[in-house]
Amino acid sequence: MNQTERLDRLPLRNDLRGLHPYGAPQLDVPILLNVNENTHGVPDDAREAILKAVDNVLVGLNRYPDREFTELRRALAAYLGHGLAAENIWAANGSNEVLQQILQAFGGPGRRALGFPPTYSMYPLLANGTGTEYVTGRRTEDFGLSAASAAEQVRELAPNIVFLCSPNNPTGTALKAEVVEEVYEAGEASQAIIIVDEAYAEFAHDGTPSAMALLPGRERLVVSRTMSKAFALAGARLGYLAAAPEIADALRLVRLPYHLSAITQATAVAALRNSDSLLANVENIKIQRDRIVAGLSAFGLKPAPSDSNFVFFGGMEDPHAIWQGLLEAGVLIRDVGIPGHLRVTAGTETETSAFLDRLAVLLGR
Ligand code: PMP
């Protein structure tokens, strides 16, 4: 009996029937460049600080943690700057959970969320899980999204929630500030919550504006971030958002009590205190990212401009053969299901060289 048949025997919700769980393959391969992790390990000094912080809370682990995670919210506000205070911050177990809570509070049956594919593949799944209708907007042929087009589609579709992913996963490209501004205005009629998912913001080219700067006076704007990428803490599960304090109040209505464990809170606070050390590899990752873009162009392939820690590229005759050929050499990259394209995470210098060298062989360059 396969998984679908087994599920069919259960009284599962009708709208979950036939669905497949999200998840990139977790293969045992030496070079993992498939899920946009930071491939640099946690530096020793940060590791020691986290160990100490976790040790400090262990004795009180018989008690529930601070439900308001106040110290963590203060530390996140200080990290973000932009005049933000603890009351503007909310956090959860990964930005996936933050997004889920937004859908629980502002989506749901009879409500509609809008995304612009190709974009982060969890948006439709989170919508579905919360009974929210998911509608898709259009991009240009080269996956761009102009302010005028995005705003027009928001007016047309009257969503309750809009997902703008910047830099966008899987294409890697950041949105101009005017896209957020015009989408926000266009969302006035349907009172849409505008989410700018900035999971990869720290990797953007210098001068790329963050939507954080647009928060003052925009109470329906939410900017989400994560410690999974630049901070190299994907395993710790800590995502967060900045928004008007009322947004955090709304999420208090749907969050599970004590959703952030004392261990998670201690880990994240210690990590933020050691942010210089944890973020030290961001510049190197950006160099590797730019090296991948240049290398792929030199091979005659078509990489999209990237402000993130990964590169989306087309121009291959047989992407699956390339994906397979790389895997056979121990390099796992991602087929994101967009015909003719693949996505690769910028790893360490050695990992990036292994990817480019093997790709050159596969392309006969
Ligand atoms: N947003 C985007 C665009 C992502 O790519 C990811 C992770 N792949 C997430 C959110 C969620 O990350 P996390 O839950 O680890 O914070």
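The values are calculated or read from the model by the stated rules, or taken from the named source; none is laboratory data. What you see is a predicted model, and the numbers here were worked out from it, not measured in a lab. Note that each Cβ is placed from the backbone with ideal geometry, even for glycine, and that neighbours are counted across all protein chains shown.
Got a sec? Which of 162, 183, 154 is within 16 Å of the ligand (Cβ to nearest atom) and either modelled with pLDDT under 95 or buried (at least 24 other Cβ atoms within 10 Å of the Cβ) (or both)?
Numbers: 183 fails: within 16 Å of the ligand (Cβ to nearest atom); 154 fails: within 16 Å of the ligand (Cβ to nearest atom).
The match here is 162.
Of the residues that make up segment 284-291, is at least one of a type in the set (S, T, N, Q), under 21 Å from residue 27 (Cα atoms) and under 20 Å from the mean Cα position of the chain (by Cα)? Full working, then the answer.
Taking segment 284-291 and keeping what is of a type in the set (S, T, N, Q), we get 284, 288.
Pick out the ones that are also under 21 Å from residue 27 (Cα atoms) and you get none.
No: segment 284-291 contains no residue that is of a type in the set (S, T, N, Q), under 21 Å from residue 27 (Cα atoms) and under 20 Å from the mean Cα position of the chain (by Cα).
Can you tell me how many residues within segment 145-176 are more than 10 Å from residue 116 (Cβ to Cβ), in contact with a Ser or Thr (Cβ under 9 Å, 6 or more places away or on another chain), without any contact (Cβ under 8 Å) to a residue 40 or more places away in the chain and of a type outside the set (S, T, N, Q)?
2
Scanning for something loosely packed, with under 14 Cβ neighbours inside 10 Å, without any contact (Cβ under 8 Å) to a residue 40 or more places away in the chain and within 16 Å of the ligand (Cβ to nearest atom), does segment 4-21 turn up at least one residue?
Yes, there is a match, as at least one residue in segment 4-21 is loosely packed, with under 14 Cβ neighbours inside 10 Å, without any contact (Cβ under 8 Å) to a residue 40 or more places away in the chain and within 16 Å of the ligand (Cβ to nearest atom).
Inside segment 132-169, can you point out the residues that are among the small types (Gly, Ala, Ser), more than 24 Å from residue 202 (Cβ to Cβ) and outside any helix (DSSP H, G or I)?
Listed by number, the residues that qualify are 137, 146, 158.
Quick check on segment 88-113: of everything there that is free of Cβ contacts under 8 Å to residues at least 60 places away in the same chain and away from the ligand (no atom under 11 Å from the Cβ), which residue is nearest to residue 264 (Cα to Cα)?
Among those residues, the one meeting the criterion is 103.
Checking the structure you have, find out if any residue of segment 47-61 is within 16 Å of the ligand (Cβ to nearest atom) and either within 29 Å of residue 20 (Cα to Cα) or out of contact with any helix residue (DSSP H, G or I) (no Cβ under 9 Å at 6 or more places or on another chain) (or both).
no
Of all residues in segment 102-122, which are closer than 14 Å to residue 160 by Cα and within 18 Å of the chain's Cα centre (by Cα)?
Selection gives 102, 103, 113, 114, 115.
Here is a list: 145, 99. Which entry is surrounded by 19 or more Cβ atoms within 10 Å (Cβ to Cβ), under 23 Å from residue 13 (Cβ atoms) and modelled with pLDDT of 95 or more?
Only one candidate qualifies: 99.
So if I check each of 114, 175, which one is out of contact with any Asp or Glu (no Cβ under 9 Å at 6 or more places or on another chain) and either in a strand (DSSP E or B) or surrounded by fewer than 18 Cβ atoms within 10 Å (Cβ to Cβ) (or both)?
Of the residues listed, the single one that is out of contact with any Asp or Glu (no Cβ under 9 Å at 6 or more places or on another chain) and either in a strand (DSSP E or B) or surrounded by fewer than 18 Cβ atoms within 10 Å (Cβ to Cβ) (or both) is 114.
Hey, can you tell me all the residues within segment 114-125 that are under 12 Å from residue 159 (Cα atoms) and within 15 Å of the ligand (Cβ to nearest atom)?
Result: 115, single match.
Within segment 195-230, can you find the residues that are in a loop (DSSP other than H, G, I, E, B), more than 14 Å from residue 177 (Cβ to Cβ) and near the ligand (Cβ under 10 Å from one of its atoms)?
Across segment 195-230, the qualifying residues are 199, 200, 227, 228, 229.
Collect the residues in segment 1-47 that are hydrophobic (A, V, I, L, M, F, W, C) and over 30 Å from residue 349 (Cβ atoms), keeping them in residue-number order.
1, 7, 10, 12, 16, 19
Quickly run through segment 181-193 and pick out the residues that are farther than 13 Å from residue 116 by Cα and outside any loop (DSSP other than H, G, I, E, B).
181, 182, 184, 185, 186, 193
Per-residue answers, yes or no, for (1) among the aliphatic types (A, V, I, L, M); (2) out of contact with any helix residue (DSSP H, G or I) (no Cβ under 9 Å at 6 or more places or on another chain); (3) assigned by TED's automatic domain parsing to the domain that holds residue 58; (4) surrounded by 22 or more Cβ atoms within 10 Å (Cβ to Cβ):
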site: 232; (1), (2), (3), (4): yes, no, yes, yes
site: 236; (1), (2), (3), (4): yes, no, yes, no
site: 260; (1), (2), (3), (4): yes, no, yes, yes
site: 285; (1), (2), (3), (4): yes, no, no, yes
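Would it be correct to say that residue 128 is away from the ligand (no atom under 15 Å from the Cβ) and either touching a residue at least 40 places away in the same chain (Cβ under 8 Å) or in a helix (DSSP H, G or I) (or both)?
It is true that residue 128 is away from the ligand (no atom under 15 Å from the Cβ) and either touching a residue at least 40 places away in the same chain (Cβ under 8 Å) or in a helix (DSSP H, G or I) (or both).
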